[in-house]
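The values are calculated or read from the model by the stated rules, or taken from the named source; none is laboratory data. No experiment lies behind these values; they were computed from the predicted model shown. So basically every Cβ, Gly included, is an ideal-geometry build from the backbone, and we count neighbours across all protein chains shown. For accessibility, only protein heavy atoms count, side chains too; no ligands or nucleic acids. Shrake-Rupley method; radii C 1.70, N 1.55, O 1.52, S 1.80 Å.
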Amino acid sequence: MKTLAQIAQQLQGYDPQALSVPDVNRFLAQLVEPVGDVEELALLQAQGRVLARDVVSPFSVPPHDNSAMDGFAFDGAQLAAGEPLALQVVGTALAGKAWHGQVGPGRCVKIMTGAIMPAGLDTVVPQEFVQTSGTDAIRIPAGLLAPGDNRRFKGEDLMQGQPAVRRGECLTPARCGLVASLGIATVPVSRKLRVAYFSTGDEILSLGEPPREGAVYDSNRYTVHGLLSRLGCEVIDLGVVRDEPALLEAAFRQASRQADAIITSGGVSVGEADYTKAMMNKLGDVAFWKIAMRPGRPMAVGRIAADRGGAEALGRSAGPPQPRPAPSRGSEPHEVGSVGATGRSAGPPQARPTPSGGSEPHEVGSEGAILFGLPGNPVAVMVTFLAFVRPALLHMMGSTDAPPPLLRACSVDALRKKPGRTEYQRGTVATGPDGTLQVRITGNQGSGVLSSMAQANGLIVLHHSQGNVAPGDLVDVMMFEGMI
Ligand code: AMP
Ligand code: MG
């Protein structure tokens, strides 16, 4: 387990005041590790989970050469160029009921799709190609077939002993089907990641509370909950936490006891007059960043110590004494925008989390929980989640699947873009009249405007060094399908 200072040292050009989006992801890739705990699940329960060990094929699939068509199996060596072939039918091979006789020259076997190819036969003529006379004579017209046609080979899907699905691959419907085709009923998967979430801010109302002047309903809790559920995480919902040190401390401590990762929203902006950042500093090893992106500039990242008395558990004991949280509203916690105290030791070896018995609440071990302190603005929350939190959580889940590729679409709109930061614009991708993909922005792009996010089916990604986009220019789009 590396401290933030150790990671920062290794990252070339690390500047917490102006981190690029790729640098944030490079940092997070060093910070997070797969949780490692494995559970064995029945295949139907394992859909969508990350496989923890290779599933090796115990036999070849298909286990025998078999027919790809309903028709007649025969020895293809008898086909002569430009000549029809007359054959006598001597038996029937059904799927699940093989034909075991010998089939000599001039003879064939009626065969069904999936039936084992009788010994010595390598070619199948589909039923609809043949002319029949009587019940047991067929004629194959000239020029329709080549030797070997319509035969599936033993092992053409999977060879015995080969990995069918690999560790780190997500169990999609196709992969579950493949595992089932091997007769395997249970699979080892990474246990579900536990992610605690709470919203911060005195102006945030929970649903059910009466409206109040200047207050807004908590939408972040609902977007984050949905994003986490889609990812297959177990969500620990800690609600809205008021801007009071005791309440924030209790929430962080509970979260660090129960969760592998903690997501908060709000309270990390520069000049934010609240206790959130101070409490993060008190309880963990946390960096406060300004990221060269829009929306979503401020973000806090780090580890909140397991609940056993503060940051000492993260190996900060060798560092200088830590300032206490700001005693009153309006003062800033220490070292905002830096990695915090230097000279932290790597700390004592940390125990791995132990597999839980499955009952709530979970105790996840002594390494503490990864913290993602997201900004408060509703769109900034979703964008930072998609850009940073999602890939980091997938890594913690043990996933090795490549991220879905960005789509290239033609921008209908002119887009203003400053080089030197990554910008995400909400858009709708559709097929244009000429059949090519077009993307159109969905209106007001303010970082608090959730309606334009709700209408979008993807985010236009305007990369760090990119400038203005003219109508007709190609742009990259991160599609929401499956994520939002
Ligand atoms: P902050 O990052 O705390 O300065 O918040 C930025 C903006 O996001 C403010 O207008 C907040 O009212 C708003 N905001 C913060 N948290 C939430 C939330 N959970 N749901 C909706 N809006 C929020
Ligand atoms: Mg706030």
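General remarks:
- Backbone geometry of the range 289-298 corresponds, through the Karplus equation with coefficients 6.51, -1.76 and 1.60 at θ = phi - 60°, to 3J(HN,Hα) couplings of 10, 10, 9, 6, 7, 8, x, x, 4, x Hz, x marking Gly and Pro.
- Farthest positive-ward along the chain dipole, Cα basis, beta-carbon charges - from Ser411, Ile236, Val268: Val268
- Each 20 Å bin from zero up to the one holding the largest Cα-Cα distance in the chain carries the following percent of pairs: 20, 40, 23, 14, 3.
- Per-residue 3J(HN,Hα) values for the range 199-208, derived from phi via the Karplus relation 6.51 cos²θ - 1.76 cosθ + 1.60 with θ = phi - 60°, read 9, 10, x, 5, 8, 9, 9, 7, 4, x Hz in sequence order (x marks Gly and Pro).
- In a simple Cβ point-charge model (Lys, Arg +1; Asp, Glu -1; nothing else charged), the chain has a dipole of about 600 debye relative to its Cα centre.
- Where the range 61-163 is the region considered: accessible area per residue in Å², 1.4 Å probe: 53
- Nonlocal amide H pairs with Ala164, under 5 Å, H built at 1.01 Å: Val55, Val56, Ser57
- Across the range 187-196, rounded Karplus estimates of 3J(HN,Hα) from the backbone phi angles (6.51 cos²θ - 1.76 cosθ + 1.60, θ = phi - 60°) give 9, x, 10, 5, 5, 4, 6, 9, 10, 8 Hz, Gly and Pro being marked x.
- Long pairs among Lys2/Lys290; Lys282/Lys417; Lys192/Lys417; Lys192/Lys418; Lys282/Lys418, criterion Cα-Cα beyond 30 Å: Lys282/Lys417; Lys192/Lys417; Lys192/Lys418; Lys282/Lys418
- Once you reduce the range 29-49 and the range 266-305 to the center of their Cα atoms, the two points are 29 Å from each other.
- The chain, accessible surface, carbon-and-sulfur percent (1.4 angstrom probe): 54
- Between the amide H of Gly267 and those of Gly376, distances stay under 5 Å, these residues lying 5 or more places away or on another chain, with hydrogens modeled in the peptide plane.
- Prolate/oblate/rounded label for the range 415-464 (Cα gyration tensor, a/c 1.5): oblate
- Only DSSP H runs of four or more residues enter the estimate; each adds -39500 (n - 2.57), and after division by the residues of the chain the mean residue ellipticity at 222 nm equals -4500 deg cm²/dmol.
- Gln45-Ile184 pseudo-label distance in nm [points 7 Å out on the Cα-to-Cβ vector]: 1.8
- Zone of Thr172's modelled label, taken as backbone nitrogen in the range 406-443 under 18 Å from a point 7 Å along Cα→Cβ: 406-408
- Amide H contacts under 5 Å for Thr123, placed H, 5+ residues apart: Phe74, Gly76, Gly148
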